[in-house]
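The values are calculated or read from the model by the stated rules, or taken from the named source; none is laboratory data. Predicted model only: the values in this text are computed from it and were never measured. For neighbour counting, all protein chains shown are included, and Cβ atoms are generated from backbone atoms with ideal geometry for every residue, glycine included.
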Amino acid sequence: MLDFIKDIDLGFKIPTPDKTIKVAITGMSRSGKTVFLTSIINQLIANDKLPYLNDKLGRTFVARLLPPDSVYMRFDYYNKLKALRNAKPRWPKSTKAVSKTTVQFEFKSEYGFLENQIINLELIDYPGEWLLDLAMLDMSYEQWSEFMIGLASEDARSKFSSEWLTDIKTHELYKDGDYFEIQEQLFDLYSEYLKSLYYHEFSFMQPGRFIEPGDMKDDPLLLFCPLPTPLSEVEEGSIYEQFQKRYESYVSEVVKRLYLEHFQTFDSQIILVDLIKTLNEGEAVFEDMHLALKSILKTFTYGSNNVFSKFFDLKIDHVLFAATKADHIPASAHESYMNLLGEMIWDIKKELDVKHIETEVTIFSAVKSTQFVKAKLEGEEVDCVRGIVEDEDEPSTHFPGSLPAHYKDRDFWKNADFNFQTFKPISFPPRDSHAVEHIRMDRLIYSLLKDRV
Ligand SMILES: Nc1nc2c(ncn2[C@@H]2O[C@H](COP(=O)(O)OP(=O)(O)OP(=O)(O)O)[C@@H](O)[C@H]2O)c(=O)[nH]1
Ligand SMILES: [Mg+2]
């Protein structure tokens, strides 16, 4: 390019159109959504620890946080930042609703006669539990009930579900009568079962609203649970008939609305996955998370002949799977950590691929709260992480276990013995000119922006 063109002064500036990129951020609860959002804002404003992003973009920019709009709950960045800048920093509290934040980029124009380009990056964080329910859009009450009862009867879940499974066999479900108390009992037992799964680190719970009701707490519309398929006629006024009606209303009024309000307009979806949890808990929790992700992603893979895809006209063409909290894993095992995520989603990736949805797999840590060190274990030098464990005040060194190079070995989970700690966050630097230490956030941000800026 001839350099003098850059300096041409027309006496006015040619405008460049503003652009908006909408990114949906989801993941199961505690997967790291809020910490990720806080870090991304912090990183972009300071822009002192994003060499990969700057190098790939090749353009100078400033980023600023826009004031909230009134439609969504505001993502309270400054209070979260304050807690993280404290001498004794604290992780943000669990969030229960959809929130939105917009980071505005102003890119310096390459030519004196062009206006700077403005790109708004809208980041919307919502509970992954709600997303689990989107797969219900595709299922009748009967199909859903059969799926849920089958799942609840599986080994890994039956110890939590047995009371509810026994109870549904003891009542008259298909005949008319005054059964309100029984309805409540069935609902309570089913909810208790889902909550036990949740407390034991399982991910797949339907309806997810039973775990995170949000503004639907105590809403009578939620008074239902799966029931065995009737073998003969179902009377009007029976428990089955009423549960079926509420299920159908829930799906058409609540689940569909969530879909219409949020999903139609996203460009990109980032799914945060807490693989550390699965390594700590073992194969049942790993497989269950796979099931939950599959269910979430079903939303994007409805076939073109499917009534929903025609109706909703989905726009998402890019899904980024990102394993969070990589600071728990020594750097030498990061590749292996990424392979584990690849292993979890290989079939989902294939499904998305045939629908022309690009997928990427990455790992990152939004707030690098550990150091990678070597230590001696039984005479052998091993890679460890060092940080301040929750409930302690001084840093300590931990060997979390060794990740294999690949996961094809059938005995991997049988022999898995990991011991990951929960670490306190490191303090965020006190000024906006310096961002917090992270791992691979710059690559992740570039994946969200590339092809769009
Ligand atoms: N060490 C480390 N821990 C992290 C990181 N990100 C998240 N965590 C841990 O994960 C927990 C949950 O993170 P959040 O960002 O609150 O998770 P969330 O997905 O927003 O959770 P909900 O609001 O409950 O849905 C934090 O309290 C930290 O303990 C990270 O980058 N490094
Ligand atoms: Mg949160």
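Filter region 117-136 for residues that are among the hydrophobic types (A, V, I, L, M, F, W, C), within 16 Å of the chain's Cα centre (by Cα) and outside any strand (DSSP E or B) and give the result. Before the answer, list the steps.
Filtering region 117-136 down to residues among the hydrophobic types (A, V, I, L, M, F, W, C) leaves 118-119, 121, 123-124, 130-132, 134-136.
Within this subset, residues satisfying the condition of being within 16 Å of the chain's Cα centre (by Cα) are 123-124, 130-132, 134-135.
Residues satisfying the conditions are Trp130, Leu131, Leu132, Leu134, Ala135.
All told, Lys108 falls short of being within 15 Å of ligand 1 (Cβ to nearest atom), in the same structural domain as Ile41 (by TED's automatic domain parsing) and of a type outside the set (Phe, Trp, Tyr). Restricting to region 22-32, and then to whatever is in contact with a helix residue (DSSP H, G or I) (Cβ under 8 Å, 6 or more places away or on another chain) and surrounded by 24 or more Cβ atoms within 10 Å (Cβ to Cβ), can you tell me which residue is modelled with the highest pLDDT? Residue satisfying both the conditions and the ranking: Ser31.
Each row is one residue, and each column tells you yes or no for (1) under 20 Å from Tyr337 (Cα atoms); (2) in a loop (DSSP other than H, G, I, E, B); (3) modelled with pLDDT of 95 or more; (4) not polar (S, T, N, Q).
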| site | (1), (2), (3), (4) |
| --- | --- |
| Glu394 | no, yes, yes, yes |
| Ser402 | yes, yes, no, no |
| Arg410 | yes, yes, no, yes |
| Asn419 | yes, yes, no, no |
| Ser427 | no, yes, yes, no |
| Pro430 | no, yes, yes, yes |
| Ser433 | no, yes, yes, no |
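Comparison of Glu192, Glu181, Glu172, Glu163 shows that the only residue that is touching a helix residue (DSSP H, G or I) at 6+ places or on another chain (Cβ under 9 Å), surrounded by fewer than 18 Cβ atoms within 10 Å (Cβ to Cβ) and under 21 Å from Pro220 (Cβ atoms) is Glu192. Of the residues making up region 79-97, those that are in contact with a Leu (Cβ under 9 Å, 6 or more places away or on another chain) and either assigned to a loop (DSSP other than H, G, I, E, B) or not basic (Lys, Arg) (or both) are Arg90, Trp91, Pro92. Does Gly177 count as within 27 Å of Ser249 (Cα to Cα), outside any helix (DSSP H, G or I) and not acidic (Asp, Glu)? So Gly177 fits the description; yes. Could you check, for region 138-158, whether at least one of its residues is within 16 Å of ligand 2 (Cβ to nearest atom) and more than 25 Å from Pro213 (Cβ to Cβ)? For region 138-158, residues within 16 Å of ligand 2 (Cβ to nearest atom) and more than 25 Å from Pro213 (Cβ to Cβ): absent.
Could you tell me whether any residue of region 137-152 is exposed (fewer than 14 other Cβ atoms within 10 Å of the Cβ) and in a helix (DSSP H, G or I)?
Within region 137-152, one or more residues are exposed (fewer than 14 other Cβ atoms within 10 Å of the Cβ) and in a helix (DSSP H, G or I).
If you go through region 32-56 and keep only what is more than 16 Å from ligand 1 (Cβ to nearest atom) and in contact with a Phe, Trp or Tyr (Cβ under 7 Å, 6 or more places away or on another chain), you end up with Tyr52, Leu53, Lys56. Selection within region 106-127: residues that are hydrophobic (A, V, I, L, M, F, W, C) and within 16 Å of ligand 2 (Cβ to nearest atom). The member of this set that is farthest from Thr60 (Cα to Cα) is Ile124. Here Lys93 meets the list (1) within 15 Å of ligand 2 (Cβ to nearest atom); (2) within 29 Å of Ala326 (Cα to Cα); (3) surrounded by 13 or more Cβ atoms within 10 Å (Cβ to Cβ); (4) at pLDDT below 95 almost entirely, failing just condition (3).
When region 354-373 is limited to residues that are farther than 11 Å from Ala331 by Cβ and without any contact (Cβ under 8 Å) to a residue 60 or more places away in the chain, the one that is nearest to ligand 1 (Cβ to nearest atom) turns out to be Ser369.
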